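Notes for the one structure printed next.
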Amino acid sequence: MMTTETGATADPVHLGDSASSIMNKVQEITGEIPQKPLTVEDLRRRMREPVKRLVEAGRVLAVQEDQDGHGSARITLQDGQLYLHPLLRQPTPAHAHTLQESEVVGVLDPSCTLVFLDLGWAGSTRGRVTIRLTPDTPLARQFVLLCTGQRGHTYRNTKQLQVEDKGEPGECVVGGDYESNDGEGGAPLLPDLQGQYRMSRRAGAVLACGELFSPMNSQFTITTRDRQGFYHWSCVFGDVVSGLDVVRAAVNHSDIREVTVVDCGVVLPL
């Protein structure tokens, strides 16, 4: 028997003489998740309340083990949206429920990939920038790798490097040097970045910093003001869908190199 929050007695739960353990019976009454491995399906659209509580408590992690060691990535739920954060080289807490990173990333729809960058400065996170990547382009796939840390490198803790054309049409900010964090690094993770890319002159476009053959083309540019006339940006592989105001606020900060990517990752479909 259970007593509700109002003090009334709830209907009894009849478990009979089943062969289930005492712990399983307690879990059935309380609604806690049984002690069995989670699957990606548990995170789907009709997420059960016990699984939701685990995610909200930070107890669901994606894990990866390779020759470089063991890594784990947080899975969080915010405003009804599920997020996968980057893999970090750290031990997995004993109380965590784990999923394989490859399985979690495998649920992403390659035709509609959303990634996020959390920007911060002056000691606090200022907001989240969500970017929709162009389908099936090498630069977009590389961007996902650097948001998830699957290859051991990530945009997390990287600085914004410079603002171009500040206050003018075509204003944009450059970031993404995961190697040296000073604008001198950012080697490509993929061997061939040639593909069918768009051109744009609109604010919010996300594009390669430099040409495709550049030795630093993991660096990226986010545009914050429209271009005018016939000038376009080339090698565009994504667009900001929310948080452009955060990028504009970063551009107006007194020192752009104090602006960092506090966190990053991908948006998971529910």
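The values are calculated or read from the model by the stated rules, or taken from the named source; none is laboratory data. Note that the structure is a prediction, hence the values are computed from the model and not measured. In this analysis, Cβ positions are derived from the backbone assuming ideal geometry, glycine residues included, and neighbour counts consider all displayed protein chains. Accessible surface is based on the protein model in full, side chains and every heavy atom, while ligands, DNA and RNA are left aside. Shrake-Rupley method; radii C 1.70, N 1.55, O 1.52, S 1.80 Å.
With buried (at least 18 other Cβ atoms within 10 Å of the Cβ) and closer than 28 Å to HIS253 by Cβ as the only criterion, which of LEU88, LEU61, LEU117 stands out? Can you show your working first?
On the way: LEU88 fails: buried (at least 18 other Cβ atoms within 10 Å of the Cβ); LEU61 fails: closer than 28 Å to HIS253 by Cβ.
Just one listed residue meets the conditions, LEU117.
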Collect the residues in region 154-175 that are in contact (Cβ under 8 Å) with a residue 60 or more places away in the chain and assigned to a loop (DSSP other than H, G, I, E, B), keeping them in residue-number order. THR154, TYR155, ARG156, ASN157, THR158, ASP165, LYS166, GLY170, GLU171
Can we say ARG141 is charged (D, E, K, R), in contact with a Leu (Cβ under 8 Å, 6 or more places away or on another chain) and more than 22 Å from ASP245 (Cβ to Cβ)? yes
Hits in region 134-153 (condition: open to solvent by less than 10 Å² (accessible area, probe 1.4 Å) and either of a type in the set (Phe, Trp, Tyr) or under 13 Å from the mean Cα position of the chain (by Cα) (or both)): PHE143, LEU146, CYS147, THR148, GLY149
Report yes if some residue within region 238-260 is closer than 17 Å to PRO138 by Cβ, of a type in the set (Val, Ile, Thr) and open to solvent by less than 20 Å² (accessible area, probe 1.4 Å); otherwise report no. no
Give the residue, chosen from VAL105, VAL129, that is open to solvent by 20 Å² or more (accessible area, probe 1.4 Å), β-branched (Val, Ile, Thr) and either more than 25 Å from ALA57 (Cα to Cα) or under 16 Å from the mean Cα position of the chain (by Cα) (or both). VAL105
Filter region 180-207 down to the residues that are under 20 Å from GLN150 (Cβ atoms) and touching a residue at least 40 places away in the same chain (Cβ under 8 Å) and list them by number. PRO188, LEU189, LEU190, ASP192, LEU193, GLY195, VAL206
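Only one residue in ASN181, ASN157 is surrounded by fewer than 19 Cβ atoms within 10 Å (Cβ to Cβ) and under 16 Å from the mean Cα position of the chain (by Cα), so which one is that?
Numbers: ASN181 fails: under 16 Å from the mean Cα position of the chain (by Cα).
Matching residue, one of ASN181, ASN157: ASN157.
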